[in-house]
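Right, one structure below, let's go through it.
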Amino acid sequence: MPVQTLEMLFHLDTPVQFIRGNGEREVLLTFDGEAQALEISDSVREITSWVAEQLSRSDRDFLAQLPLTYTLNREVFEDVLFCHAIPTNDEDIFTPLTPDAIVAAYFEGTLQRTVICGHTHIQFERRLNDLRILNAGSVGMPYADKPGAYWLLLDGDSYEHRFTPYDVEAAAKLIASTNYPQAQQFAEENVRKIPAVQEAIEFIEALAQKQRPATY
């Protein structure tokens, strides 16, 4: 539901800052006719192409201007860096199982001591000396113990991983009624039921190990 999602975000009453992730980048490449250059599976390519077809030119322009990172500058508390995956790109993967040396390399040179990210759809915290890395989780496609929306509340220098329940059955029916290529499958496997968190962590970490350069 990309169009409905953007419309909802555009009409929020509270101030909002946006950053882009790999999904937005891949959709933009599809807009520009470069979908074949993406190193993604055929099923993901199908989804990316479908999303690109739904969006207007103004939607595309909005996605194109999104920054890779956003720094929340605060007078009383330390600054916070937001990124999708890691500060330098939107696709490198790390999990609670990733060795500290690899995570340290990903965040080398980061000036902020608190970083909030996403990408893996799993809520967790990693600490490396004085660096605190928080994964906010996922509202729409979480990997967790039960269906619902997972997000992060930052309050001063404290934080809280949050969970918000919603009408799962109503959401599943609404998604299944769309012409999204994998609507029924998504409704069943990512709304009514969701991937268990520990299994997801192990699967994602194994995938990441295959993709990392030998230098890591």
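Out of the helices (runs of 4 or more DSSP H) lying entirely within the stretch 1-111, which hold 3 or more residues that are within 24 Å of I175 (Cβ to Cβ) and out of contact with any Gly (no Cβ under 9 Å at 6 or more places or on another chain)? Can you show your working first?
Details: elements: 2-10, 22-31, 42-54, 57-64, 100-106.
Here the list reads 2-10, 22-31, 42-54, 57-64.
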Handout entry: Selected residue (criterion: surrounded by the most Cβ atoms within 10 Å (Cβ to Cβ)) from residues of the stretch 180-195 that are without any contact (Cβ under 8 Å) to a residue 12 or more places away in the chain and more than 19 Å from the chain's Cα centre (by Cα)
Key = A183
Practice task
Would you be able to say whether some residue in the stretch 155-169 is modelled with pLDDT of 95 or more and part of a helix (DSSP H, G or I)?
Solution key: yes
Exercise for the section: Select, from D145, D130, D157, the only residue that is closer than 17 Å to V103 by Cα and loosely packed, with under 14 Cβ neighbours inside 10 Å. Expected result: D130
Practice task
Identify all residues within the stretch 61-97 that are touching a Lys or Arg at 6+ places or on another chain (Cβ under 8 Å) and farther than 29 Å from L6 by Cα; write none if there are none.
Solution key: E78, P96
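Yes/no per residue for (1) in the same structural domain as I47 (by TED's automatic domain parsing); (2) among the polar types (S, T, N, Q); (3) touching a His at 6+ places or on another chain (Cβ under 7 Å):
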{"position": "V80", "(1), (2), (3)": "no, no, no"}
{"position": "D92", "(1), (2), (3)": "no, no, no"}
{"position": "A101", "(1), (2), (3)": "no, no, no"}
{"position": "Y106", "(1), (2), (3)": "no, no, no"}
{"position": "G109", "(1), (2), (3)": "no, no, no"}
{"position": "E125", "(1), (2), (3)": "no, no, no"}
{"position": "P142", "(1), (2), (3)": "no, no, yes"}
{"position": "H161", "(1), (2), (3)": "no, no, no"}
{"position": "T164", "(1), (2), (3)": "no, yes, no"}
Exercise for the section: Scan the stretch 181-203 and give yes if some residue there is modelled with pLDDT under 95, part of a loop (DSSP other than H, G, I, E, B) and closer than 24 Å to C117 by Cβ, otherwise no. Expected result: no
Handout entry: Pairs, first hydrophobic (A, V, I, L, M, F, W, C) in the stretch 92-114, second modelled with pLDDT under 95, C-beta under 6 Å, six or more apart
Key = I93/A208; I102/Y216
Handout entry: Residue that is in contact with a helix residue (DSSP H, G or I) (Cβ under 6 Å, 6 or more places away or on another chain) and at pLDDT 95 or above, where the choices are T120, T98
Key = T120
Practice task
Could you tell me whether any residue of the stretch 41-49 is surrounded by 11 or more Cβ atoms within 10 Å (Cβ to Cβ), of a type in the set (S, T, N, Q), touching an Asp or Glu at 6+ places or on another chain (Cβ under 6 Å) and farther than 25 Å from A183 by Cβ?
Solution key: no
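Yes/no matrix, rows are residues, columns are (1) within 23 Å of A85 (Cα to Cα); (2) not aliphatic (A, V, I, L, M):
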residue: V115; (1), (2): yes, no
residue: L131; (1), (2): yes, no
residue: W151; (1), (2): yes, yes
residue: A183; (1), (2): no, no
residue: E189; (1), (2): no, yes
residue: Q211; (1), (2): yes, yes
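The values are calculated or read from the model by the stated rules, or taken from the named source; none is laboratory data. Just so it is clear, the structure is predicted and the values come from calculations on it, not from any experiment. Here Cβ is always computed from backbone atoms with ideal geometry, including for glycine, and neighbour counts include all displayed protein chains.
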